[in-house]
Amino acid sequence: KQKNWEDALVAIDAQFRDRPDPELARKKFHVLAVGKKDHDAAQTAGERYCDLAKNNATALNNFAWALLTEAQYGHAYNELALKCSKRSNELTNLENWRFVDTLALARFDTGDRPGAIEAEKKAIKLCDDDEDGAAEMKKTLARFEAAGEKQKVADKSSGGTD
């Protein structure tokens, strides 16, 4: 609350030495990314978090979703989000529609539109018990597909090929 980022980092590091907890690594990431705006150090802390949480699919998915959707991160950690999302889906065998939806967004935000479309279609198929979730994902799928069409038009107008 006091925005004394250096003291916060010292306290986090001291606690971490005693108890290397993933949540402490996530707090350190947040302080570095949002408080200090030190991208490289935050990236390292985020990687550490992903490593410590490597067997917790929910934690990895939630972290990835935050990186992709929260304005405070400014889309500066999309590759890290993709890494965490891939691991959460590996742990759940691509069977949790929420996690697959996160993977779709991570792929889209890292420039993999075909992969995003494929993942979003899979998430929609998996989401047979949540009408609101399916409706929202169908909107997202339409946005992904429209972005692909806009890219094709841009490529053609600039002389690119399909």
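The values are calculated or read from the model by the stated rules, or taken from the named source; none is laboratory data. Model, not experiment: these values are computed from the prediction. Every residue, glycine as well, gets a Cβ built from its backbone with ideal geometry; the counts of neighbours run over all protein chains shown. Remember, those area values only see protein heavy atoms, side chains included, never the ligands or the DNA or RNA. Shrake-Rupley method; radii C 1.70, N 1.55, O 1.52, S 1.80 Å.
Can you tell me the dipole magnitude for the chain around its Cα centre, using point charges on the Cβ only (Lys, Arg +1; Asp, Glu -1), in Debye to the nearest 20?
Values: 26 positive and 29 negative charges, 67 e Å.
Once rounded to the nearest 20, the dipole reads 320 debye.
The share of Cα pairs per 5 Å bin across the stretch 1-48, counted from zero up to the longest distance, runs 6, 25, 34, 25, 10, 1 percent.
Helices in the chain, meaning DSSP H runs of at least 4 residues, each add -39500 (n - 2.57). Divided by all residues, the mean residue ellipticity at 222 nm is -24000 deg cm²/dmol.
Structural descriptor for the stretch 87-138: relative contact order 31 percent, calculated from alpha carbon pairs under 8 angstrom and at least 6 residues apart.
As an equivalent ellipsoid, the chain spans semi-axes of 33, 20, 12 angstrom, where each value is the square root of five times an eigenvalue of the C-alpha gyration tensor, largest first.
Judged by the mean number of other Cβ atoms found within 10 Å, the most tightly packed of the peptides 82-93, 45-56, 133-144 leads the ranking 82-93, 45-56, 133-144.
So if I place +1 on the C-beta of Lys and Arg and -1 on the C-beta of Asp and Glu, and nothing else carries charge, what would the dipole magnitude of the stretch 63-140 be about its Cα centre? I want it in debye, nearest 20. Write out the running numbers ahead of the final one.
Details: 11 positive and 15 negative charges, 67 e Å.
Dipole magnitude for the stretch 63-140 comes out near 320 debye.
Ranked by the mean number of other Cβ atoms within 10 Å of their residues, highest first, the peptides 109-122, 8-21 fall in the order 109-122, 8-21.
Among the protein heavy atoms of the stretch 7-162, carbon and sulfur supply 49% of the accessible surface, probe 1.4 Å, non-protein parts ignored.
What per residue convex hull volume, in Å³, do the alpha-carbon atoms of the stretch 1-87 yield?
85
For the stretch 51-107, the percent of C-alpha pairs falling in each 10 Å distance bin, counted from 0 to the bin holding the largest distance, reads 31, 56, 13, 0.
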